[in-house]
Amino acid sequence: MSDPASALIDRCEAIVNDLDHTSVADWKRQSDGTERKAVGFLPVYVPREVIHAAGFLPVGVVGGGDALEIIRGDAYFQSYICHLPRSIIEMGLGGKLDALDGMIFPSTCDVIRNLSGMWQLLFPDKWAWYLDVPQNLSPRLGGRFYAHDLQLMAKELEGLGGLEVTPERLRGSIEVYDVHRGITEDVFALRREAPEKVPTWELYMLIRAGLILPVEDHSELMVEYLESASKRTAKRRDNPRVIVAGAFCEQPPMGLIRTLERAGCYIVEDDFSLGQRWLREPLRITDEDEPFGALAKAFLEHSAQGATRFHPDGEPKGEELVRQVRECEAEGVILASPSFCDPSLLDRPMITAALDREGIPWTGFKYAENTGQFQGIREQAGTFSDSIRLWSEAS
Amino acid sequence: MKDRSMELQKELISGHYDRLSRANDEGKPVVYTFVPGNLTELMLSFDALPVLPEINALQSGMRKKSGGFITAAEKAGHSEDVCSYVKCDLGMMEQGNIGPTGKALPKPDLLLLSYTGCFTFMKWFELLREKYDCPVAMLHVPYQSRGEITDDMREYVVKQLREEVIPKLEQVSGKKYDEDRLKELLGRSAQAEDDLVWVLESAKHKPSPIDGYFGGVYYIGPLFTAFRGTPEAVEYYRTLRSEVEQRIADGLGPITPEGELKDERYRIVVEGTPNWTHFREFWKMFADERAVAVASTYTKVGGLYDTGFRHDPTRPLESLAEYCLGCYTNLSLPARISLIEKYVNEYEAGGFLINSVKSCNSFSAGQLLILREIEKRTGVPGAFIESDLVDPRYFSPANIKNRLESYFQMIEQRRSGRPKSIANAGLEASP
Ligand code: SF4
Ligand code: SF4
């Protein structure tokens, strides 16, 4: 019997693997001959609501993965810089991002920060914007600054030919994304409850397609997937439940995700798509709310605890992950970091300390988006999953 | 051979470490903070003593201790891939936090986190906070991505100073914010800044009386960070300036570890951080070729004064904000390139060298494009070498020496009008 969920994932895979972004170019072309615009954004987090409200298509750009041969990109980056920026430059110089009318570089790390300036020099005719998300998390300080920064960005988008981002329009876009946030969490909840029905490589493809598709279409797609995947009758295996953390920016190759699953792990939570799940609560905006302020408030109060955001005084770092482990009934954590990624790698000792305090098993490795050999990782993950199994049998 | 200024700065620095070793007994608040965007005058106005972990790390590098510290941090779970300053500092802490003078450094009462120009600073203090269990004051300094400091950016930083940084300094020091005291300190900073800029710009003379990179980081610049605003800093820079004036009058070149550099042959602009584990050896490679670094960007990390900025006692917090926003590490890549281009032209440099360090994404990401652009815009040949700040495993003396020798030969060939065999050498020879 054919599985409609698998067919949906095939569609997603085709969209994600199309590095030329033809679906974006198609979206831009209107039947009356006019063109709409699309704006790219880099990991980790950009409020897509603002781009949507300007009438543009927000397109997440995370690199070309292992499908892209790097020819020019390496001439711009030393060997000790992560793989993501060279892949982005390669795509840019190779015309694969031509469908994008501009690019937003959020303040994620020094690499993306500097890449924003490189972009200005390499593509002087394209609009480029650096979005300084606040690290001071006080509403009066960072909150106000950020709301203002978003307003500036909205004005820029207008200048680029976008619609005026009025409070009404932005509120409307926030509502659209609230719906999307809700469905996204439903899909993740289904995986948590029944990982045998939602393999992570499928979920990953589904979410990655959401970086490219219009949000409304993606919400529909997820609803369809949810309906069909929840009807699956796959048998649950005796696999340990694990969380994958640290892979929030440069993405691991698909083969790596499949390898972890094949090594006998049920991934029940991950941060591969952290940017799309950055705001952990729906905004539930009302007509009285000033929408830029609401986006800023949500950022300050309900952000995911990513490595790229300052961890304020209070509970030690890693406690949120410990909570997640409890909530997901996970039995272990796999820490996966891109090579040379300071944010992810410098977080690791703090996170492992928190896991150790709670006696939560963990293992860790590094990867690059074009890692081609998974044998070592397969063995490591296999040993890890065996040890969790033995440990739980023994206890 | 040492000038009076060099002795003076040694005395001041060792005095500072002595004060630090007594800080706990004397009840002086200790504030850890970073070099770029440092709020020295503000801290001093509360009688707080600054500790700069980067300076400790570089001192450990120079004293050949960093390798051991880094290994200790890696054993404790830190990755090979990350910034070695952080690992050096954490390793030092694990082993008793013994400072450069052999005495233990006091624990921080406050971690003042201005992460101007580097996100890794944020991680660094998150890590330190776990060990010291003390508060962090976060000062978010917006990035000059559009090549300018806007009113909003300035206001945001001023507000954070007022509402976040000052209250925390009041809390740890038990003192009220005293704006008059701050103004006094800022006035003295501006005086010293005038002399500092004069000294740095003296390298426009031929021969240059100073080395604007090695000398710049060794004895011209360092004092600025912990001492800006003090009468001692004013005195130090005045002394230094008069010595340099004398050197110009005598037609002398810079002092190097090998003595005075005679017959300046190459004038080079350097971008990037130095290597500290082989600092002397690296400098000697230049001195042996009679190459002088006439200007550098690293000396502008702690403040960019030669484009006109001065701390201003009439606008105390605003000018502190502008200082933070204006540090070299907070400039966009296009602005960095324009500054380097200006240095190459104004200092009449015949070459441009990048020392790219593995540790530092803030500096290194984009440097190959900088190299390309500078060559294109100025026509001077560029070179690209790689090392690290304090991780001795990444300094390969033979390779670097070879690279430098062939680079200087190439400049020579160009000068004599012979065919350029390795045009664009830097980029082609880079990894
Ligand atoms: S992978 Fe890490 S270092 Fe690289 S761009 Fe992303 S956050 Fe920055
Ligand atoms: S990354 Fe660079 S600027 Fe940041 S702490 Fe390390 S050496 Fe300093």
Would you work out which of B:TYR85, B:GLY61, B:GLY117 lies farthest towards the positive end of the dipole of region B:4-179? Charges go on Cβ: Lys and Arg +1, Asp and Glu -1.
-> B:GLY61
Relative to the longest principal Cα axis of chain B, at what angle does helix B:231-249 sit, 0 to 90 degrees, rounded to 10?
-> 10 degrees
Region B:331-403 to region A:325-387: how many Å between their Cα centroids?
-> 36 Å
Taking chain A and dividing mean pair separation by its residue count, relative contact order in percent (alpha carbons under 8 Å, at least six apart) | 20 percent
Expressed as a whole number of Å, what is the distance separating the alpha-carbon centroids of region A:55-124 and region A:1-19?
-> 26 Å
Max mean-square fluctuation residue, GNM over chain A, Cα-Cα springs under 10 Å, options A:ALA296, A:ALA38, A:ALA14 | A:ALA14
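Is there a quick way to get the dipole size of the protein assembly as shown? I mean about its Cα centre, with the Cβ of Lys and Arg at +1 and of Asp and Glu at -1; what is the value in debye to the nearest 20? Don't skip to the answer; put the middle values down first.
Values: 96 positive and 124 negative charges, 378 e Å.
Here the protein assembly as shown has a charge dipole of around 1820 debye.
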For the pair B:GLU11 and B:THR71, how long in nm is the line joining their label points, each one 7 Å along Cα→Cβ?
-> 3.9 nm
antiparallel share of DSSP beta bridges within chain A, to nearest 5, in %, is 5 percent
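Determine the percent antiparallel among the DSSP beta bridges restricted to chain B, to the nearest 5. Working shown, then result.
Working: 3 of 29 bridges.
Just about 10 percent of them are antiparallel.
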Taking Cα atoms only, helix B:66-75 is inclined relative to the longest principal axis of chain B by an angle, in degrees rounded to 10, of 60 degrees
Taking the DSSP beta bridges in region B:4-179 as the whole, what percent of them are antiparallel, to the nearest 5?
-> 10 percent
With the dipole of the protein assembly as shown worked out from charges on the C-beta (+1 for Lys and Arg, -1 for Asp and Glu) around the Cα centre, which of A:LEU211, A:LEU345, B:LEU20 lies farthest toward the positive end?
-> B:LEU20
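Residue separation times 0.36 nm, minus the C-alpha to C-alpha distance between B:SER396 and B:LYS175: what's the value? Please report the intermediate quantities before stating the final value.
Numbers: separation 221, 0.36 × 221 = 79.56 nm, distance 4.99 nm.
My answer for the length gained is 74.6 nm.
To the nearest 20 Debye, how big is the dipole of region B:4-179 about its Cα centre, given +1 on the beta carbon of each Lys and Arg and -1 on that of each Asp and Glu?
Working: 22 positive and 26 negative charges, 115 e Å.
Dipole size: approximately 560 debye.
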So if R0 is 41 Å, what FRET efficiency would B:GLN413 and B:LYS64 give, r being the distance between their Cβ atoms, rounded to the nearest 0.05?
-> 0.65
Mind telling me which of A:LEU300, A:LEU141, A:LEU274 comes out most flexible in a GNM of chain A, alpha-carbon contacts under 10 Å?
-> A:LEU141
Would you calculate, for the protein assembly as shown, the mean residue ellipticity at 222 nm contributed by helices, counting each DSSP H stretch of 4 or more residues as -39,500 (n - 2.57) and dividing by all residues, to the nearest 500?
-> -15000 deg cm²/dmol
Restricting to Cα pairs under 8 Å and 6 or more apart, the percent relative contact order of region B:4-179 works out to 24 percent
How many nm separate the modelled label positions at A:GLU227 and A:GLU69, each set 7 Å beyond the Cα in the direction of the Cβ?
-> 4.4 nm
Part-to-part distance (alpha-carbon centres) for region B:259-305 and region B:1-69, which is given in Å = 23 Å
GNM on chain A, C-alpha springs below 10 Å: top fluctuator among A:MET153, A:MET103, A:MET350?
-> A:MET350
Listed residues A:PRO253, A:LEU19, A:LEU8: farthest to the positive end of the dipole of the protein assembly as shown (Cβ charges) | A:PRO253
Taking only C-alpha pairs under 8 Å that are 6+ residues apart, what is the relative contact order of region B:98-240 in percent?
-> 18 percent
Tilt of helix A:342-357 relative to the longest C-alpha principal axis of chain A, in degrees (0 to 90, nearest 10)?
-> 40 degrees
With label points set 7 Å from each Cα along the Cα-to-Cβ direction at A:ARG262 and B:GLU148, the distance between them in nm comes to 5.6 nm
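Values in this text are rule-based calculations from the coordinates and carry no lab data. This one's a predicted model, so the numbers in the text were calculated from it and none came from an experiment. Ideal geometry is used to build each Cβ from the backbone, glycine not excepted, and the neighbour counts take in all protein chains shown.
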